[in-house]
Amino acid sequence: MKALVFLGQQRIALEDRPVPELLAPTDAIVRVRKTTLCGTDLHILKGDVPTVDPGRILGHEGVGDVVQTGDAVTAFKPGDRVLISCISSCGKCDACRRGMYSHCAAGGWILGNRIDGTQAEYVRTPHADTSLYHAPAGIDDDALVMLSDILPTGFECGVLNGKVKPGDSVAIVGAGPIGLAALLTAQFFTPAQLIVVDPDASRLEVATRLGATTVLSSAKGDVAEAIRNLTGGRGVDTAIEAVGVPAAFELCESIVAAGGVIANVGVHGRKVDLHLESLWDRNISITTRLVDTAATPMLLKTVESGRLSPGVLITHHFALADILEAYRTFGDAANTHALKVIISP
């Protein structure tokens, strides 16, 4: 089969690899229909994720068809169309019993990280019964891929961790796919203000279409002052960091209101300064999280009912044979206006 392989910092290649085989009775082999690229994949290329070894097939999102199952798999059979979760969970360990599937003792974020991932024609999915979801007939493959990672990540790590409530003021720093996913799902809780910050004008236009009440360019003027003016000098109840760079987190520190929450979503490969000299008396909370995908069943229902339309985040389509061009396009989003790109093996 063809697969996208990480070769080392800033090096990837499309290679021929053997079709994966079952390694445990709880495994399933899935033929990938659609997959996508993630900002985390770009962090891997930069060297920010040292757990990814050269030779690894990348990718942790996808939709496909089950072609083979281990003897212990009871919820799925060959021919089933499935959503592949970015998080693999055994459902039995202490972390899983606490709903922290990302910290599963035998799983977590392993696809495209510690084991071969989904940017290939086939993928082995461990713990299939608790790591795959039956795909509703009414959702097309492209939209369904958005439920592998970015929708639950934006919702769980940003909105839920950020404790967004009706009437709140919320600032989302970063209008990439994750930030926009947080924007879409924050509206479940009807905040009064949804402020989106990004340097890219085209992404801010998208944010406006998707429900932002105010958009601010971080390339123009003093964003922190503008947000204080918008909130009567208070700052925001929730500041969601959706980039993963020091400047974005430090902006969140400067705009959070007393008693507010900073919800970090971004993958940070460098140290960030925590300004306790100005925050020590502000009664704020800072939250961090890796997506657990506990919200995936609920999000599937909202998409199936038409209440949420994640397909609006898709901007480009590529064949697997052109995945190197897809990476170039995704990595140069400022010029290509890419959000989510769909890969079809």
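The values are calculated or read from the model by the stated rules, or taken from the named source; none is laboratory data. For clarity, every value in this text was computed on a predicted model and none was experimentally measured. Heads up, the Cβs are rebuilt from the backbone with ideal geometry, glycines too, and the neighbour counts pull from every protein chain shown. SASA here: full protein model, heavy atoms, side chains in, ligands and nucleic acids out. Shrake-Rupley method; radii C 1.70, N 1.55, O 1.52, S 1.80 Å.
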- Message: If I filter region 224-240 for residues that are more than 25 Å from residue 334 (Cβ to Cβ), assigned to a loop (DSSP other than H, G, I, E, B), in contact (Cβ under 8 Å) with a residue 24 or more places away in the chain and open to solvent by 60 Å² or more (accessible area, probe 1.4 Å), do I get at least one hit?
- Response: yes
- Taking residue 178, is it open to solvent by 20 Å² or more (accessible area, probe 1.4 Å) and touching a helix residue (DSSP H, G or I) at 6+ places or on another chain (Cβ under 9 Å)? yes
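Can you pull out the residues in region 16-42 that are under 15 Å from residue 327 (Cα atoms) and open to solvent by 20 Å² or more (accessible area, probe 1.4 Å)?
Residues of region 16-42 under 15 Å from residue 327 (Cα atoms): 35-42.
Selection gives 39, 40, 42.
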- Item | Search result, residues across region 66-116 that are open to solvent by 10 Å² or more (accessible area, probe 1.4 Å) and part of a strand (DSSP E or B) | 67, 68, 69, 81, 115
- Task: Report, ordered by the first and then the second residue, all pairs with beta carbons closer than 9 Å, sequence separation of six or more or different chains, a first member in region 210-221 that is without any contact (Cβ under 8 Å) to a residue 40 or more places away in the chain, and a second member that is charged (D, E, K, R) and in a loop (DSSP other than H, G, I, E, B).
- Result: 217/200; 219/200
- Filter region 43-63 for residues that are acidic (Asp, Glu) and surrounded by fewer than 22 Cβ atoms within 10 Å (Cβ to Cβ); the one that is farthest from residue 117 (Cα to Cα) is 48
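Filter region 130-162 for residues that are among the β-branched types (Val, Ile, Thr) and part of a helix (DSSP H, G or I); which is most open to solvent (accessible area, probe 1.4 Å)?
Within region 130-162, the first condition is being among the β-branched types (Val, Ile, Thr), and the residues that meet it are 130, 139, 145, 150, 153, 159.
When the remaining residues are screened for being part of a helix (DSSP H, G or I), the result is 130, 145, 150, 153, 159.
Numbers: 130: 62, 145: 0, 150: 2, 153: 14, 159: 2 Å².
The selected residue is 130.
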- Message: So for region 300-307 (the condition being of a type in the set (A, V, I, L, M), touching a residue at least 40 places away in the same chain (Cβ under 8 Å) and in contact with a helix residue (DSSP H, G or I) (Cβ under 7 Å, 6 or more places away or on another chain)), does at least one residue qualify?
- Response: yes
- Task: Tell me, yes or no, whether region 30-39 has at least one residue that is on the phi < 0 side of the Ramachandran plot and modelled with pLDDT under 95.
- Result: yes
- Going through region 16-59 one residue at a time, which ones are touching a Leu at 6+ places or on another chain (Cβ under 8 Å) and farther than 20 Å from residue 148 by Cα? 54, 55
- Message: Contact list please: Cβ distance under 8 Å, first residue in region 35-48 and closer than 13 Å to residue 328 by Cβ and of a type outside the set (A, V, I, L, M), second residue open to solvent by less than 10 Å² (accessible area, probe 1.4 Å) and at pLDDT below 90, pairs at least six apart or on different chains.
- Response: none
- Task: Among residues belonging to region 248-283 that are of a type in the set (A, V, I, L, M, F, W, C) and open to solvent by 40 Å² or more (accessible area, probe 1.4 Å), point out the one that is nearest to the chain's Cα centre (by Cα).
- Result: 267
